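Written out below as structure tokens is the structure these notes cover.
Read-outs: derived from the displayed coordinates by stated rules, not from any lab. All values derive from a computational prediction rather than experimental measurement. Heads up, the Cβs are rebuilt from the backbone with ideal geometry, glycines too, and the neighbour counts pull from every protein chain shown.
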Amino acid sequence: MSHVSTSDVIERHVATALDRHRDAAGFVRLVAAELPPRERTPWVRMADALERGDAAAGTAAATRSIGCWIPLFASQARDTRLSVRLLQTAARPTTASGPWPLLWYLAAITTLALGLLVVLSLTVIPAFQGIISDFGVDPPIITEWVLRLPALLASVWQPLLAAAGVIALPWWLATRGAARSAATATAFTRTLARLIAADVPANEALALASHAAGVRPVDPAAPRRPLGYAAAAATEFAPRTAAVLLDAIADCHDDRSRGRLGLGQWLLGPVLVSVVGLIVGLVTLALFLPLIRLVTDLS
């Protein structure tokens, strides 16, 4: 399979799209108006290029943000499915969420645990320390540890924060890379399926899909992420069959991406919630043990 210049492929397909779909400019502008401001600009540029038939502006816009142009590349003139494809593309997130929901969830739980410790150290523990001292009760070992907690936190909070960052950074990078790679493979394979189904030559479809996914051009003769061996083999079939196979492969990548993050949230979330509950329970038990002993002795 011969290699092609991605810039030449984009320029050629933009020119074809402008010739086929100039009447879609109004619809594209309506779609752009419904998008959030940070996602609107590529669609407005595409609508402007379609209205003016400006190939240079269209090529520049597609090179910068090709995702919204894929439905035009994958549709014939007067294709009744173009509007649906444009809406589906607009509704699809521009970037994968990756591990961010999980990271925010874990950060919230960790912050809650630390916040509880700080509040207890500043309010409840000093009050109990005064009560225990006034009554001259000999506290158990666990209570002594809890009473030393405010001084301990004041002396080690900076090293603890640094250690948390050192531990969290590699985990975050690993989670982010795993989720992004699967999400990138999903976007690449889905785009490739649409282009192959539209009878775009395989080498040009690979170049466009690589550009849309933000990866280096791939070669079916030596598959590498995001083009796996299964997707490379699928491109050898007739276009309709290849598109079905590629969509199924994209679904597998999507399930794997969601599964990684879902497992992390399912496993780590309850563990952290349990840790928070354990901390609060131990502190409460440790503070009330001397009072229970005092009441027992008085009775």
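List of remarks:
- Distance (nanometres) between label positions extended 7 Å along Cα→Cβ at residue 29 and residue 78: 2.4 nm
- Put simply, region 191-245 fits an ellipsoid with semi-axes of 16, 13, 9 Å; these come from the alpha carbon gyration tensor as the roots of five times its eigenvalues, largest first.
- P(r) histogram, all alpha-carbon pairs of region 1-94 included - 10 Å bins from 0, percent: 17, 54, 25, 3, 0
- Region 182-236 versus region 21-75: alpha-carbon centroid distance in Å: 22 Å
- Ordering 201-208, 284-291, 127-134, 68-75 by mean Cβ neighbour count within 10 Å, with the highest value first, yields 68-75, 201-208, 284-291, 127-134.
- Length gained when the stretch residue 225-residue 123 is fully extended (0.36 nm per residue, less Cα-Cα span): 31.3 nm
- Burial ranking of peptide ranges 31-42, 229-240 (average Cβ count within 10 Å, highest at the top): 229-240, 31-42
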